[in-house]
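Read through the structure below, which is laid out as structure tokens, and then see the notes.
The values are calculated or read from the model by the stated rules, or taken from the named source; none is laboratory data. What you are looking at is a predicted structure, and each value in this text was computed from that prediction instead of being measured. Reconstructed Cβ throughout: ideal geometry from the backbone, glycine too, with neighbour counts over all protein chains shown.
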Amino acid sequence: MANNNSDKIKKLQEKNQENQRIYTKKREAEEAKAKAAIHELVKKVDQDPDNYHNYYDLATFLVEAKDYEQAEELLMKALGLFDKATQDVQDTLKFGLGNVYYAAAEYDKAIKIFQEIADKKLQGEAYIMLAQSYMAKGDNKRAMVFALSAQSSHHNDPDVNQMIGDNLLALGNFAQAGEFYDIVLKTQPDNGKANFNRGLVAMVNGEEFEPYFEKAKRADPDYFNRGQEKLKDIEKVIQLNKDKKDD
């Protein structure tokens, strides 16, 4: 019996070691690929330093690699180099810098940068990022203002309408939240998050909610599982309202 256990442990250790080797090899390959891509983008900047797109592209890649400090330095340098450029060029670089701060969870810095963007083509995107930044800070009222501003130029964008629904839900405006989730579900019927949150709204409004939860569980099981605490909170709200009516 002891030998059997010893063999099982040995096999398990060998399997774990093999998995670790595979993981290490994969990670090293990804790192090598990322380094090669960064090298090519750096070369583009060096070869054509007057092209602002090259700085933006390199910074975007650095953000994906979570190298926020270098991305920030690069875009600050670019903003200095292009300080006499047209509004759209400066605002593109500022938008990139705002994204660096947002990715690094420096939301106050991100908000300051996104508020400076005046170029009409980028303003809608800046409003979206402002809304997301305020949501990350837990300030749903301000997030709501910018989400609605973003909707004026992204009227049918499911991401924007979902963001409005999420803010309304957080503020306790369930009926209105449901309207925006319905807009999302018209174009994205299998959107797991929208289905789950629409199910929460349906629970509060006394509507049939199970079909929404079933779709959410199939489409996005991770979000469904994470949302169980939110589900408990909604159930408490419903129970409190019921108790008040009974009194």
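Those helices (runs of 4 or more DSSP H) of the stretch 1-93 in which at least 3 residues are more than 30 Å from Ala118 (Cα to Cα) and modelled with pLDDT under 70, considering only elements entirely within it, cover 2-47.
Exactly one residue among Ala104, Ala126 is farther than 20 Å from Glu73 by Cα, in contact with a helix residue (DSSP H, G or I) (Cβ under 6 Å, 6 or more places away or on another chain) and not β-branched (Val, Ile, Thr), and that residue is Ala126. Looking across the stretch 188-207, the residues that are at pLDDT 95 or above and over 17 Å from Asp166 (Cβ atoms) come down to Pro189, Asp190. Kindly list the number of the only condition in (1) touching a Phe, Trp or Tyr at 6+ places or on another chain (Cβ under 8 Å); (2) modelled with pLDDT of 95 or more; (3) of a type outside the set (Val, Ile, Thr); (4) closer than 21 Å to Gln132 by Cα that fails for Gly178. That leaves (1) as the condition not met. Counting only residues that are within 14 Å of the chain's Cα centre (by Cα) and under 25 Å from Thr187 (Cα atoms), the stretch 127-142 holds 6 of them. For the stretch 151-165, the set of residues classified as of a type outside the set (D, E, K, R), outside any helix (DSSP H, G or I) and surrounded by 16 or more Cβ atoms within 10 Å (Cβ to Cβ) consists of His154 only.
Looking across Ala85, Ala59, Ala37, Ala110, one residue alone is under 26 Å from Arg142 (Cβ atoms) and not hydroxyl-bearing (Ser, Thr, Tyr). It is Ala110. If you take the residues in the stretch 166-206 that are within 18 Å of the chain's Cα centre (by Cα) and part of a loop (DSSP other than H, G, I, E, B), which one is farthest from Gln239 (Cα to Cα)? Ranking the candidates gives Gln188 first. Would you call Asp166 of a type in the set (Asp, Glu), closer than 30 Å to Asp91 by Cβ and not assigned by TED's automatic domain parsing to the domain that holds Phe114? Yes; evaluated as a whole, the condition is true for this residue.
When the residues of the stretch 98-150 are filtered to those that are assigned by TED's automatic domain parsing to the domain that holds Thr86, of a type in the set (Val, Ile, Thr) and assigned to a helix (DSSP H, G or I), the one that is nearest to Tyr56 (Cα to Cα) is Val100.
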